[in-house]
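One structure below.
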Protein chains: 6
Amino acid sequence: MTTRMVEIVRREEFSAAHRLESPHLDEAQNRALYGPCFTDHGHNYGLEVAVRGPVDERTGMVMNLADLMRLVRTKIIDAVDHRHLNRDVDFLEGVIPTAENVAIAIWDRLEAELQAFPQCQLHRIRLYESASNFVDYFGRAPSTPNR
Amino acid sequence: MTTRMVEIVRREEFSAAHRLESPHLDEAQNRALYGPCFTDHGHNYGLEVAVRGPVDERTGMVMNLADLMRLVRTKIIDAVDHRHLNRDVDFLEGVIPTAENVAIAIWDRLEAELQAFPQCQLHRIRLYESASNFVDYFGRAPSTPNR
Amino acid sequence: MTTRMVEIVRREEFSAAHRLESPHLDEAQNRALYGPCFTDHGHNYGLEVAVRGPVDERTGMVMNLADLMRLVRTKIIDAVDHRHLNRDVDFLEGVIPTAENVAIAIWDRLEAELQAFPQCQLHRIRLYESASNFVDYFGRAPSTPNR
Amino acid sequence: MTTRMVEIVRREEFSAAHRLESPHLDEAQNRALYGPCFTDHGHNYGLEVAVRGPVDERTGMVMNLADLMRLVRTKIIDAVDHRHLNRDVDFLEGVIPTAENVAIAIWDRLEAELQAFPQCQLHRIRLYESASNFVDYFGRAPSTPNR
Amino acid sequence: MTTRMVEIVRREEFSAAHRLESPHLDEAQNRALYGPCFTDHGHNYGLEVAVRGPVDERTGMVMNLADLMRLVRTKIIDAVDHRHLNRDVDFLEGVIPTAENVAIAIWDRLEAELQAFPQCQLHRIRLYESASNFVDYFGRAPSTPNR
Amino acid sequence: MTTRMVEIVRREEFSAAHRLESPHLDEAQNRALYGPCFTDHGHNYGLEVAVRGPVDERTGMVMNLADLMRLVRTKIIDAVDHRHLNRDVDFLEGVIPTAENVAIAIWDRLEAELQAFPQCQLHRIRLYESASNFVDYFGRAPSTPNR
């Protein structure tokens, strides 16, 4: 029998402040580039973590959702919820907290933790800044998949 | 023929940072009271403005939704979107920016503007901090309605 | 034991085209008043019908939700779904199809049908044109409730 | 200065199984009345608890949202989440678990707990069985408010 | 002219009870593994069925959405809605009803039915247990696509 | 250091009327094929535009979201919002406005505009007719990706 590969997704939310400012640019350039995002503001971020793996025949699960939830909460949500992303979060130090960069930083942090679940692999980080703006990150793909 | 009273509601969103700190409390008390909200964080706020009035037979409208939208955007959204509510907003100066207080401040500001539409009255301000937390304010009611 | 009054709400959706044009105005006035709504466009309308009544101790229900659903579907949804509200709907003939007027027309039509359920009364019609624009109609109230 | 009355709302979700069966009816009558709901099924219920009170000038809050959240979670969610409402929940014993009855039972349980917050009163329990079906309960009102 | 490949997606919902219990484990192990899910509970499941195929130039459609809707409703929804997934559903007999396994079982059942539409292929089954937990299944892929 | 590829997504909405009628079919065939969609109706369409590219280290962005938003609004939303898709939209002339065809037409129009941002490529157009019906288009893929 073929093993079936499934992706399981856990969604969490966190409320954080941030502002966009690049150390490579002066104030006028920052203002021109980031517009209103140069000012402190905030979001209810939506974070979706997708993990891909074979369905274990004994349990019917790719990975225990309780484990995935605990991982996402203790490693990510506890660090970013009710925080200012530009100064309160260790794993974002030195990072311009655009949605792109925050998604990548979350990927890097969770990928390391998921080593403990060798049958699975991190598949996608989706980060919503709002219902209108979000990003998808699929890791360092050797090739460029069509989607 | 009876005139029909209808409430029209316009919803807008804004992204803002805030923190909760009372000038009547010292730091330890503030921390105990507000917990994680004592730290800078932020939300995608959802603002619903409800206006009540008779339906104009000639137009089929209580109030032109375009006028209501313009009012809400120019008087409220432009002032709070991509801002820090504790320091960037004139009409919140000296206000602890809880959802309750922000809703009341928005009511007061819009009620004044709605004088220009004498057939209507402001009916309700609903302010969402998130899908899980929101408040309703109905103005200074002389009596306490059941709901 | 006191009887408990509860409101039950059924939500349905329908997809319809409409445009706003008043017979009391000429074309220039219509254009000025309704702006882009003077042109044919459409919505996925959300309709919430709230019925209020005592909870029947034998059934635990105010009204059988299956009855309410059938009523709303056969009397309203079947008439407006995948239709042009300005010309295809009997009970909207001669009505400028603003959200206000459509909500009132739906109220009038359902109120008549609800005579068959004498223990209940129609309580509210909420009509969403979109997540950003909606109206509430509570019928011809003898007095003006605060909310 | 007038005290401002505001309603604060906390939304929580729980996943539960239930079926509808009245002890006052025989099986054929139950089947006829409840249709598919006579069979075990389940929902992601959405619970909104609204509390009304004056805004405390010192804190800017009607009631500490952390207290309200803890109350709703410990007194309601912990008892109903991942349970079968017909047999696993003490405060629903002997209750036909329609949305109407579950909302009333939650009201009764929370109203007692809110005695500890004398400046506030429970204002509304809204219970969603799904996005299409929900109920509102406002307590034993002496009079029948229009809405 | 190149033929354009498009994926069309139909979303349906169903309300079902389930519990997680593995026949390969004893009760203590089941309890440890599945936690609260070992108890009867339920969900409003969201099911998205994606079908991929070329757009027919004569009709502008990949597949008639009415056909896809009828297929999903008659083959899946009618079998699982208002049911207990552990005992009432033929095509889930012997299956631990995790989201992963239910998604796979739905895939297998729909893939067979879609043989009647040879120009199309089933592309993805997404199954939501809630807004926070969902899975994606893409069938038995010969290779492992990046996403 | 590896360059990180990320997809950024901008969501917009528009309200439009349409009807489905194929010039290749007679009226009876059209009615049989499209059913209720043969009549004028409308939707609040949801449009998601996904753009893929490397994250610029200086800015932390794939593409300035303000640029993407402006592009989508000026090239697409302004042309289709509050319009009848069968007759008011230049770039849909001669197109049967199914979700499939509208998504493809939007792709073609935006792909041309995105030439101005050579580091990025259009990745996906998702078009929602409603929460229940939507399509994904990924462009003229040389190969058929699994997903």
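The values are calculated or read from the model by the stated rules, or taken from the named source; none is laboratory data. None of the values given here were measured: they were computed from a predicted structure. Heads up, the Cβs are rebuilt from the backbone with ideal geometry, glycines too, and the neighbour counts pull from every protein chain shown. Just so you know, the surface numbers come from the protein's heavy atoms only, side chains and all, with ligands and any DNA or RNA stripped out. Shrake-Rupley method; radii C 1.70, N 1.55, O 1.52, S 1.80 Å.
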Report yes if some residue within segment E:21-33 is at positive phi and modelled with pLDDT of 95 or more; otherwise report no.
-> no
Picked from segment A:123-147 (must be modelled with pLDDT under 95 and out of contact with any His (no Cβ under 9 Å at 6 or more places or on another chain)), the residue surrounded by the fewest Cβ atoms within 10 Å (Cβ to Cβ) is A:SER143
Output the residues belonging to segment A:31-48 that are within 21 Å of the chain's Cα centre (by Cα) and open to solvent by 30 Å² or more (accessible area, probe 1.4 Å).
-> A:CYS37
Do we have any residue at all in segment F:12-30 that's within 13 Å of chain C (Cβ to nearest Cβ), over 21 Å from F:ASP88 (Cα atoms) and open to solvent by 30 Å² or more (accessible area, probe 1.4 Å)?
-> no
Any chance segment D:111-126 includes a residue that's out of contact with any Ser or Thr (no Cβ under 6 Å at 6 or more places or on another chain), outside any loop (DSSP other than H, G, I, E, B) and within 14 Å of chain E (Cβ to nearest Cβ)?
-> no
What residue, among those in segment E:1-11 that are touching a residue at least 40 places away in the same chain (Cβ under 8 Å) and out of contact with any helix residue (DSSP H, G or I) (no Cβ under 7 Å at 6 or more places or on another chain), is most open to solvent (accessible area, probe 1.4 Å)?
-> E:THR3
Which number in (1) in contact (Cβ under 8 Å) with a residue 12 or more places away in the chain; (2) open to solvent by 10 Å² or more (accessible area, probe 1.4 Å); (3) among the hydroxyl-bearing types (Ser, Thr, Tyr) marks the one condition that E:THR74 misses?
-> (1)
Unique residue being of a type outside the set (A, V, I, L, M) and in a strand (DSSP E or B) when the list is F:GLU21, F:GLU7 = F:GLU7
Considering only segment C:53-86, how many residues are in contact with a Leu (Cβ under 8 Å, 6 or more places away or on another chain), more than 30 Å from B:MET69 (Cα to Cα) and not in a helix (DSSP H, G or I)?
-> 4
Specify which of the listed residues (E:VAL80, E:VAL62, E:VAL51) is within 14 Å of chain D (Cβ to nearest Cβ) and either at positive phi or open to solvent by less than 10 Å² (accessible area, probe 1.4 Å) (or both).
-> E:VAL80
Determine, yes or no, whether C:THR39 is away from chain F (no Cβ under 14 Å) and β-branched (Val, Ile, Thr).
-> no
Just to be sure, is B:ASP88 in contact with a Pro (Cβ under 8 Å, 6 or more places away or on another chain), among the acidic types (Asp, Glu) and within 14 Å of chain A (Cβ to nearest Cβ)?
-> no
Quick one: C:PRO97 ticks every box in (1) crowded, with 17+ Cβ neighbours inside 10 Å; (2) away from chain F (no Cβ under 14 Å) bar one, so which box is it?
-> (2)
Taking segment F:101-122 only, how many residues are within 11 Å of the chain's Cα centre (by Cα) and either surrounded by fewer than 20 Cβ atoms within 10 Å (Cβ to Cβ) or at pLDDT below 95 (or both)?
-> 4
Do you know which residues across segment C:32-48 are farther than 14 Å from F:ARG83 by Cα and out of contact with any Leu (no Cβ under 7 Å at 6 or more places or on another chain)?
-> C:ALA32, C:ASN44, C:GLY46, C:GLU48
Of (1) touching a Lys or Arg at 6+ places or on another chain (Cβ under 8 Å); (2) open to solvent by less than 10 Å² (accessible area, probe 1.4 Å); (3) closer than 29 Å to B:ARG10 by Cβ; (4) without any contact (Cβ under 8 Å) to a residue 60 or more places away in the chain, C:LEU92 satisfies every one except (1)
May I ask you to list the residues in segment D:131-140 that are hydroxyl-bearing (Ser, Thr, Tyr) and within 14 Å of the chain's Cα centre (by Cα)?
-> D:TYR137
